[in-house]
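Asks: I have a structure here, written as structure tokens, and I will follow up with some questions on it.
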Amino acid sequence: MVVGSFSQDELDEIYAFAIDLGRKAGDLLMSRVEQRMDGGEGNAQNFEEKDNSVDIVTQTDEDVEVFISTALKNKYPSHKFLGEETYAKGQSRDYLIDEQPTWCIDPLDGTVNYTHLFPMFCISIGFIVQHKPVIGVIYAPFQDQLFSSCVGRGAWLNEKRRLPLIQKPSIPPMPPNAPSQCVFSCEWGKDRRDIPDGNMHRKIESFVNMAAETSGRGGKGGMVHGMRSLGSATLDLAYTAMGSFDIWWEGGCWEWDVAAGIAILLEAGGLVTTANPPANVDSDPIEDVRLGSRLYLAIRPAGPSATETGRQSQERTVREVWRRVRNLEYSRPGA
Ligand code: IPD
Ligand code: CA
């Protein structure tokens with residue numbers, strides 16, 4: 001496959017570099033975990049607050065970002081680099097990705113988990129060409145799980161198990177009464193402002209709609225099989241690519257939290273669109289996700305049933321989610 005000015009051979013070479021870099025960065029991350037478990041330099045994990053007391057950064061986030069950005073700048077000096085901690089130090093909160101080939105990385109997604117030694121944290125490396133994430137590498141070192149993809153090369157767990165996990169005899173379709181029988185993944189996020197009808201309250205109302213019995217909530221009850229929050233948007237997407245999560249709905253995270261995960265999920269056959277329901281949920285088009293929109297709805301890969309294509313069952317599920325969730329407000333210049 002040719003993407004922008006990149007041939008498949010060039011993409012393959014970049015992909016191999018990104019996988020190696022993800023593993024090395026994960027080893028650095030894990031060495032900090034081991035230091036702490038062994039009591040080195042005390043066992044407390046120090047952190048600083050960014051926008052509020054749940055938006056935190058550790059020295060490890062900073063060090064891993066420098067490690068990754070240095071390696072990328074040495075290897076690919078003409079590519080643009082966007083990393084969470086570099087961005088956080090700048091003044092702009094605009095969406096900065098343009099036509100240039102861009103590395104979009106989160107050195108540590110799930111920083112709160114990392115500080116609590118809850119194992120759901122990872123390195124996230126996305127490569128974007130013409131606004132599309134074409135390569136994704138996610139490495140969760142505590143579980144030694146590497147998720148990766150390159151356009152035209154499939155999506156993989158640990159480079160040998162193809163995603164989604166269930167392929168034979170075929171990839172399962174979405175359940176006929178989705179969101180019933182679906183595992184629904186969502187995040188509380190960092191916007192904790194206790195404003196009536198603000199984002200946090202709208203999320204909670206949406207969560208309750210998805211969880212409630214089908215006769216409940218004025219017909220909006222989703223009766224999902226289960227609700228899950230991993231505390232890492234990146235891993236939520238990786239688990240959706242595995243097929244372990246059926247649906248992921250989230251507002252408020254940023255492009256570095258999703259770039260690699262979107263690349264992997266799309267290559268696995270998933271669908272990613274906006275979290276916010278359009279004016280007409282029955283008939284408005286299901287648009288491709290905008291990377292910087294901070295509003296995401298992802299559906300796992302799905303195969304055909306006797307009555308629908310996999311894509312039809314994914315789109316049906318999107319509309320059923322939109323019927324039950326509230327619009328969130330995360331507008332932002334440039335996105
Ligand atoms: C956060 C995690 C979390 C999501 C937040 C992200 P960080 O990233 O992905 O699950 O709800 O919106 O900012 O700060 O741990 O890299
Ligand atoms: Ca981060």
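Asks: Step by step: first the residues of region 187-218, then only those that are under 18 Å from the mean Cα position of the chain (by Cα) and of a type in the set (Asp, Glu), then the one that is modelled with the lowest pLDDT. Which residue is that?
Replies: Taking the candidates together, the pick is Asp191.
Asks: Can you name every residue in region 211-243 that is among the polar types (S, T, N, Q), under 18 Å from His116 (Cβ atoms) and in contact (Cβ under 8 Å) with a residue 60 or more places away in the chain? Give the derivation first.
Replies: Applying the first criterion (among the polar types (S, T, N, Q)) to region 211-243 yields 214-215, 229, 232, 234, 240.
Among the residues that remain, those that are also under 18 Å from His116 (Cβ atoms) are: 229, 232, 234.
Correct list: Ser232, Thr234.
Asks: Looking at region 81-96 only, could you name the residues that are more than 12 Å from ligand 2 (Cβ to nearest atom) and at pLDDT below 95?
Replies: Lys89, Gly90, Gln91, Ser92, Arg93, Asp94, Tyr95, Leu96, listed by residue number.
Asks: Please go through region 120-158 and pick out each residue that is of a type in the set (Ser, Thr, Tyr) and within 16 Å of ligand 1 (Cβ to nearest atom).
Replies: The answer is Ser124, Tyr139.
Asks: Then there's this: Restricting attention to region 1-59, which residues are free of Cβ contacts under 8 Å to residues at least 60 places away in the same chain and of a type in the set (Phe, Trp, Tyr)?
Replies: Of everything in region 1-59, just one residue is free of Cβ contacts under 8 Å to residues at least 60 places away in the same chain and of a type in the set (Phe, Trp, Tyr), namely Phe17.
Asks: Moving to a separate point now. What is the number of the single condition among (1) under 25 Å from Ser331 (Cα atoms); (2) away from ligand 2 (no atom under 16 Å from the Cβ); (3) surrounded by fewer than 24 Cβ atoms within 10 Å (Cβ to Cβ) that Ala275 does not meet?
Replies: Ala275 satisfies all of (1) under 25 Å from Ser331 (Cα atoms); (2) away from ligand 2 (no atom under 16 Å from the Cβ); (3) surrounded by fewer than 24 Cβ atoms within 10 Å (Cβ to Cβ) except (3).
Asks: Of everything in region 62-80 that's closer than 24 Å to Gly334 by Cβ and buried (at least 18 other Cβ atoms within 10 Å of the Cβ), which residue is nearest to ligand 2 (Cβ to nearest atom)?
Replies: Glu65
Asks: Something else: Mind listing just one residue for me: the one in region 19-35 that is more than 19 Å from the chain's Cα centre (by Cα) and not aliphatic (A, V, I, L, M) and, of those, surrounded by the most Cβ atoms within 10 Å (Cβ to Cβ)?
Replies: Arg32
Asks: So which residues in region 83-104 are touching an Asp or Glu at 6+ places or on another chain (Cβ under 7 Å) and either within 17 Å of Ala25 (Cα to Cα) or free of Cβ contacts under 8 Å to residues at least 24 places away in the same chain (or both), if there are any at all?
Replies: Gly83, Glu84, Glu85, Thr86, Cys104
Asks: Before we move on, is Ile56 modelled with pLDDT of 95 or more, under 24 Å from the mean Cα position of the chain (by Cα) and of a type in the set (Val, Ile, Thr)?
Replies: no
Asks: Within region 35-48, does at least one residue satisfy the condition of being of a type outside the set (Phe, Trp, Tyr), modelled with pLDDT under 95 and under 20 Å from Gly83 (Cα atoms)?
Replies: yes
Asks: When you scan region 184-210, how many residues do you find that are under 14 Å from Glu320 (Cα atoms) and touching a residue at least 60 places away in the same chain (Cβ under 8 Å)?
Replies: 4
Asks: For Glu49, are the conditions met, namely being in contact with a Ser or Thr (Cβ under 7 Å, 6 or more places away or on another chain) and either within 30 Å of Asp191 (Cα to Cα) or surrounded by fewer than 18 Cβ atoms within 10 Å (Cβ to Cβ) (or both)?
Replies: no
Asks: When the residues of region 121-134 are narrowed to those that are within 16 Å of ligand 2 (Cβ to nearest atom) and part of a strand (DSSP E or B), which ends up farthest from Glu10 (Cα to Cα)? Step through it out loud before you land on a result.
Replies: As a first pass, look at region 121-134 and keep what is within 16 Å of ligand 2 (Cβ to nearest atom): 121-126.
Those still in the list that are part of a strand (DSSP E or B) too: 122-126.
On the way: Cys122: 26, Ile123: 23, Ser124: 21, Ile125: 17, Gly126: 16 Å.
So the residue we want is Cys122.
Asks: If we scan region 135-152, do we find a residue that is within 13 Å of ligand 2 (Cβ to nearest atom), touching a residue at least 12 places away in the same chain (Cβ under 8 Å) and either crowded, with 24+ Cβ neighbours inside 10 Å or part of a loop (DSSP other than H, G, I, E, B) (or both)? Outline the logic, then answer.
Replies: Step one: of region 135-152, the residues within 13 Å of ligand 2 (Cβ to nearest atom) are 138.
Add one more test, that the residue is touching a residue at least 12 places away in the same chain (Cβ under 8 Å), and what stays is 138.
From what is left, the residues that are either crowded, with 24+ Cβ neighbours inside 10 Å or part of a loop (DSSP other than H, G, I, E, B) (or both) are 138.
There is at least one residue in region 135-152 that is within 13 Å of ligand 2 (Cβ to nearest atom), touching a residue at least 12 places away in the same chain (Cβ under 8 Å) and either crowded, with 24+ Cβ neighbours inside 10 Å or part of a loop (DSSP other than H, G, I, E, B) (or both).
Asks: Here's another thing I want to ask about it. If I filter region 225-242 for residues that are assigned by TED's automatic domain parsing to the domain that holds Thr317, away from ligand 2 (no atom under 16 Å from the Cβ), of a type in the set (Val, Ile, Thr) and within 22 Å of Gly292 (Cβ to Cβ), do I get at least one hit?
Replies: So far as region 225-242 goes, yes, one or more of its residues are assigned by TED's automatic domain parsing to the domain that holds Thr317, away from ligand 2 (no atom under 16 Å from the Cβ), of a type in the set (Val, Ile, Thr) and within 22 Å of Gly292 (Cβ to Cβ).
The values are calculated or read from the model by the stated rules, or taken from the named source; none is laboratory data. Note that the coordinates shown come from a computational prediction; the quantities given were computed from them, not determined experimentally. We place every Cβ from the backbone using ideal geometry, glycine too, and count neighbours over all the protein chains shown.
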